[in-house]
Amino acid sequence: MKIRFIVYRYFDENDILLYAGFTGNFAMSNYNHELFSTWYHKCVKVTLKKFDSKEEALLYETEIIKKETPLFNITDSLINKRKKYFHQECEHR
């Protein structure tokens, strides 16, 4: 059986992309996020895209992270976006 690689995205209730990732085992990745990710409780929607090659999946994940800047993927460009998100969230409470 051929291993399929998956690029997944987690979204909040406002369709804001919280996190994007790559895996060969989505069930295990999802379980780990549920246990250890501080943002997981905000997730209301997950999308999955399957790939036959690891290289294709990694390129697609990298493209998503660069273009869509998920709030909880660790990159320097997200610091201000994250601050803005939490500031707006506090205003709505």
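The values are calculated or read from the model by the stated rules, or taken from the named source; none is laboratory data. In this text, all values refer to a predicted model and were calculated from it rather than measured experimentally. Note that we place each Cβ from the backbone using ideal geometry, even for glycine, and neighbour counts take in every protein chain shown.
Below is a table of values for the structure above.
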| quantity | calculated |
| --- | --- |
| All positions within the stretch 34-66 that are among the β-branched types (Val, Ile, Thr), modelled with pLDDT under 95 and surrounded by 12 or more Cβ atoms within 10 Å (Cβ to Cβ) | 62, 64, 65 |
| Tally, over the stretch 67-93, of residues that are in a helix (DSSP H, G or I) and at pLDDT below 90 | 16 |
| Single residue of the stretch 4-33 satisfying the filter (charged (D, E, K, R) and modelled with pLDDT of 95 or more) that is surrounded by the most Cβ atoms within 10 Å (Cβ to Cβ) | 9 |
| Enumeration of residues in the stretch 13-37 that are in contact (Cβ under 8 Å) with a residue 24 or more places away in the chain and either farther than 15 Å from residue 73 by Cα or not small (Gly, Ala, Ser) (or both) | 13, 15, 16, 17, 18, 19, 22, 24 |
